[in-house]
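The values are calculated or read from the model by the stated rules, or taken from the named source; none is laboratory data. Please read all numbers here as calculations on a predicted model, not as lab measurements. Neighbour counts run over all protein chains shown; Cβ positions are idealised from the backbone, glycine included.
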């Protein structure tokens, strides 16, 4: 018995030596890389997933912290896989003894002794499960992980790396693929399936092996009852829930915008943008609907922004990102430079108001006009004569806006576009009068940014699509009163057929040859734009912005909100008067360099010639009228002298010698006049 203390001391020393040796063995463990690639994600303003990308090896591997995963799933996982996870040091001796005893009793392996930490070690190194060398390596790495990381960090590694069938890794990828939802709230049936899948991820895939998946899920549920994680009632309900019969596609919303932000910052893993997922989904559905019935190869693009903050809320680059050559859906048409047609006209009028060239009630002439060799025409080839500026803009007439552009100067118009944040491109690099009619390249996003100037009282700011970024300093493009006048005119334009007359301020445009159709509009909160055309620039015969793009724009605003936000009241300095109350220089506009020409069929006083000197009887003169609609009314020096005449030649009484001005007015209101001298 006297040797007993000696053996006890020897045993203690041996145990200490073994412990120290194990500690040194663990301390010298070379751990695998804990920072592996995870899928790049683009999320919306509220953190909802818009699009994700596979990692280089083609896996969907999406990390997720414990706080983002349903706690019931965590409890079920620990209860089934590793009941003493929170207390052991990486290896559970009792689980090992239990596994050995069951194997000896049954003659085969019934359960494994691997802890969750050991499973993490295996997943990190992709080591096998059966060979003793591999198992020993897992033990060593598991012990080292427990020395290095917290239990929560180890569990987070499992949640990121566990396989769930096919190319799915991590619980978040699994819940998105199998249930179409984030993992923060799971049913007991869903949680149990996720616990069962990693043990045999391909053999238990619910879309291919539903029976095996159902049986494995049932075993997890029964274990959860024994562990006190679930009640019998909850398990009964879960057992009758079918397993998923197909794998869901990962979200691929706003694919053009997503590619754009990822390309800007390729080093980032998560990109948060200002888009709203619900609005994005709605507008992508609208895009597909809008193209039904249109010609082949026609595409569509839409942009919606909050013009107060400059945040882009939705961006649709095409109707289908994967349409291939059919509609060239891979082309982001929110960024493509195209001819804006008539959509630049409001900017011309706003600048004209600011420069004192015109007022909405100013009279302006819509008649044939020539600037050197340039002779613009209205879209329909007709002329309206004299009308108010507000009517010229509302009717989108070409000749009045070219007259104003000639006064402003094309260079100043280009400068205003740049001040608004656009980067216009002009063929040949030199801007001419045709810029006002669409002879310039602008993108849809730039046009939306340009139109945001109007409801913002003439102030411009850059649109932004990345959350957390500050907008650039605002700068003034036009005065508050000019901007208000534009909003007042554009909100009075009749809506397209079938749309509500809700006061949406909008303008349409059609580029030369029907290559592009546009509709841009705004209310007191939002600004939006629609483009429809072919990405390759070929014509879409018969397509007009008012008929094709405008109805889509009105539906866009219905999907933003049922009711429009009203535009603001006029600023105090706004001049709201009739034509007759305007200062004399503003009552009528006539271009200083324009040479007006009459169409061939216009009402014309053929005789006497304008500026002629007539001799003979000074009490009356013969008058000859060409064209025009009968009957005629004739004024001599402003006084009516002939009424309801159906003759194209007539004698007109005069007051006597001297200057005389004779005006002829036909049944449609067209007029012509001559001034001559009676000797």
* How many residues does region 598-640 contain that are within 57 Å of the chain's Cα centre (by Cα) and at positive phi? -> 2
* In region 386-416, the residues that are more than 22 Å from residue 487 (Cβ to Cβ), touching a strand residue (DSSP E or B) at 6+ places or on another chain (Cβ under 6 Å) and outside any helix (DSSP H, G or I) -> 386
* Residue that is surrounded by the fewest Cβ atoms within 10 Å (Cβ to Cβ), among those in region 166-187 that are free of Cβ contacts under 8 Å to residues at least 60 places away in the same chain and part of a loop (DSSP other than H, G, I, E, B) -> 181
* Say whether the condition of being assigned to a helix (DSSP H, G or I) and touching a helix residue (DSSP H, G or I) at 6+ places or on another chain (Cβ under 7 Å) is met by at least one residue in region 438-456. => yes
* Asked: In this structure, does residue 376 turn out to be part of a loop (DSSP other than H, G, I, E, B) and touching a residue at least 24 places away in the same chain (Cβ under 8 Å)?
  -> yes
* To do: Mind listing whichever residues of region 634-661 are in a strand (DSSP E or B) and closer than 21 Å to residue 599 by Cβ?
  => none
* To do: Could you figure out which of (1) more than 20 Å from residue 238 (Cα to Cα); (2) more than 34 Å from the chain's Cα centre (by Cα); (3) surrounded by 18 or more Cβ atoms within 10 Å (Cβ to Cβ) isn't true of residue 206?
  => (1)
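Here's the yes/no breakdown for (1) modelled with pLDDT of 95 or more; (2) surrounded by fewer than 16 Cβ atoms within 10 Å (Cβ to Cβ):
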position: 280; (1), (2): yes, no
position: 284; (1), (2): yes, no
position: 288; (1), (2): no, yes
position: 292; (1), (2): no, yes
position: 297; (1), (2): no, no
position: 300; (1), (2): yes, no
position: 305; (1), (2): yes, no
position: 315; (1), (2): yes, no
position: 320; (1), (2): no, no
* Any residue at all in region 472-482 that is closer than 26 Å to residue 532 by Cβ and surrounded by 15 or more Cβ atoms within 10 Å (Cβ to Cβ)? -> no
